[in-house]
Amino acid sequence: MKRIAIFASGSGSNAEKIAEYFAPNPDVEISLILTNNPQAGVIQRARKLHLPVVVFDRKSFYETNRILQLLQNQHIDLVVLAGFMMLIPEALVAAFPNRIINIHPALLPKFGGKGMYGDFVHEAVVAASEVESGITIHYVNERYDEGVIIFQASCPVEPTDTAANVAHKIHALEHQHYPRVVEEVLNSL
């Protein structure tokens, strides 16, 4: 049995898609949903799917080993970031080498780094008059959006597109590709 922990800070649509994707697979378990946001929509999605949720604060994430110990005690094989807004501590990255992956709503290395998430990315893409955008799935290291790229998919950005239009296209790509790429990474472990 391979065990996945999903970290999310927001609505949790990617976490839900991943959980639904693996639900019929008896060899994979979504063991935990973790969030730093007690108001996050991912909490309701996880409850609907009968998945355990752990809410933690910044201090326990950065100043203790509580989350690392929890993941190790649960025998987690892969950590999946799905709209998680905090930098992963070095101790966690070291404990899960090439076993933490993230999805970013742009074609890295463009539009990555601290502060580049969600609508900020889509607004920057439109402001730069980019002709395409997309998603990047990558391994996580100690810096925002700099880990080795696993997969990218692109979509056109039309001159009339707004940030909201681009966001809609990006969400479709995320939901289409992230669960499958998670499975491929899991199978490579």
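The values are calculated or read from the model by the stated rules, or taken from the named source; none is laboratory data. As the structure is a computational prediction, the values presented were derived from the model and not from experiment. Backbone-built Cβ (ideal geometry, glycine too); neighbour counts: all protein chains shown.
Of note:
- Among all residues of the range 15-23, there is at least one that is under 16 Å from the mean Cα position of the chain (by Cα), basic (K, R) and at pLDDT 95 or above.
- A19 surrounded by 13 or more Cβ atoms within 10 Å (Cβ to Cβ) and touching a Leu at 6+ places or on another chain (Cβ under 6 Å): yes
- When the range 97-151 is filtered for residues that are touching a helix residue (DSSP H, G or I) at 6+ places or on another chain (Cβ under 6 Å) and among the hydroxyl-bearing types (S, T, Y), only S133 remains.
- Residue count for the range 145-164 satisfying the condition of being surrounded by 13 or more Cβ atoms within 10 Å (Cβ to Cβ), under 13 Å from P105 (Cα atoms) and either touching a residue at least 60 places away in the same chain (Cβ under 8 Å) or out of contact with any strand residue (DSSP E or B) (no Cβ under 8 Å at 6 or more places or on another chain) (or both): 1.
- Within the range 56-76, the presence of at least one residue that is within 27 Å of I135 (Cα to Cα), within 17 Å of the chain's Cα centre (by Cα) and in a loop (DSSP other than H, G, I, E, B) is confirmed.
- Scanning the range 27-45 turns up one or more residues that are more than 18 Å from V181 (Cβ to Cβ), among the basic types (K, R) and outside any strand (DSSP E or B).
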